[in-house]
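Data block below; observations after.
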C-alpha cells in the first residue's frame, strides 16, 4: 500500500490504464459450452472453487482470465479464460478483517491510516496494470481505495513478510495496509503476464459476507440455482455488466 498518487503525476501511464465503470444489471446467462476451472492438486476451499466455476461457467469473466483471492485461506489462484490454472500462491492481506473500504482511505498517507481501516475489500474488480507512487508496476484491484496486487516488499524486517508468506498457516498473513502482497516470482511470471495478455477479473472473496452477497456467485452444479439464474437472465434480457473497477492509486 502506498499513498494515493494523482494520475496527472504519472502522465500517459495513468491514462493508459484507466477503464470505464459500468453498472450491474442482471445475472449473466450460462454459456452453452463453458470452461471449467481445473485446480489440479492445489488445496482449495469450497467458496474459491464455487466462485471460479461460476465466473467461468456463467461468463461473468467476459472471456478474461479469472483471479480468485481467498482471503480466509490467504491464497490466490490465476486461471486463463479456458479455466486452466496458471498458478496458485499464498498472499499477504490487509491486517484488519472486513469486506468494506473506508471512504477516503485511499487519499490518506500511510501514517494516518488507522488499524481498523487496513482492510482488503471484497468484491469483483477489473484488473488493470499500472504504477504506484514509487514507480513500481502493480496490478490495480481497487484504484480509488489504493488497493493493488504487487510483489511482496520485505522492507520492514519486524513485519517478517517473507516468513509469513512461507508459513503453512494463513493465520499470520494479515499484515498489509490493504494491498495483496504476492511472492515476487508469482507476480512476475504468472499474474502480471496474464493480466497484460488476457485481461482479468479479480474476485476477492469476503471475510464476513458470502460470495453470493458480494458478487452474485452461485453453485453452478445445483440445478435449482441454475434454473433461478437462467430465469433471471431471461427476465432481465441482458448479461451482467462490469460491477467494480480498479482505476487509481495504491496503498
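The values are calculated or read from the model by the stated rules, or taken from the named source; none is laboratory data. Here the structure is a predicted model, which means the values were calculated and not measured. Glycine gets a Cβ as well: all are built from the backbone with ideal geometry, and neighbour counts include every protein chain shown.
Conditions (1) under 15 Å from residue 190 (Cα atoms); (2) more than 14 Å from the chain's Cα centre (by Cα), marked per residue:
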residue: 69; (1), (2): yes, no
residue: 74; (1), (2): no, no
residue: 80; (1), (2): yes, yes
residue: 92; (1), (2): no, no
residue: 100; (1), (2): no, no
In the range 168-182, residues that are in a loop (DSSP other than H, G, I, E, B) and out of contact with any strand residue (DSSP E or B) (no Cβ under 8 Å at 6 or more places or on another chain) total 2
The range 104-120: number of residues that are under 15 Å from residue 180 (Cα atoms) and in contact with a strand residue (DSSP E or B) (Cβ under 6 Å, 6 or more places away or on another chain): 3
Which ones in the range 195-204 are in a loop (DSSP other than H, G, I, E, B) and more than 18 Å from residue 59 (Cα to Cα)? none
Report yes if some residue within the range 153-164 is assigned to a strand (DSSP E or B), closer than 23 Å to residue 99 by Cα and either modelled with pLDDT of 95 or more or out of contact with any helix residue (DSSP H, G or I) (no Cβ under 6 Å at 6 or more places or on another chain) (or both); otherwise report no. no
Could you tell me whether any residue of the range 139-150 is surrounded by fewer than 23 Cβ atoms within 10 Å (Cβ to Cβ), touching a residue at least 12 places away in the same chain (Cβ under 8 Å), in contact with a strand residue (DSSP E or B) (Cβ under 8 Å, 6 or more places away or on another chain) and closer than 26 Å to residue 199 by Cβ? no
Can you tell me how many residues within the range 50-73 are in a loop (DSSP other than H, G, I, E, B) and surrounded by 22 or more Cβ atoms within 10 Å (Cβ to Cβ)? 3
If a residue has to be out of contact with any helix residue (DSSP H, G or I) (no Cβ under 7 Å at 6 or more places or on another chain) and farther than 14 Å from residue 204 by Cα to count, how many in the range 89-107 make the cut? 4
Any residue at all in the range 122-130 that is touching a residue at least 60 places away in the same chain (Cβ under 8 Å), over 24 Å from residue 211 (Cβ atoms) and either in contact with a helix residue (DSSP H, G or I) (Cβ under 8 Å, 6 or more places away or on another chain) or part of a loop (DSSP other than H, G, I, E, B) (or both)? yes
Within the range 28-49, take every residue that is surrounded by 21 or more Cβ atoms within 10 Å (Cβ to Cβ) and over 19 Å from the mean Cα position of the chain (by Cα) and give me the one that is modelled with the lowest pLDDT. 28
List, please: which pairs have Cβ atoms under 8 Å, are six or more places apart or on different chains, and start with a residue in the range 99-116 that is within 17 Å of residue 148 (Cα to Cα) and end with one that is modelled with pLDDT under 85 and part of a helix (DSSP H, G or I)? 113/105
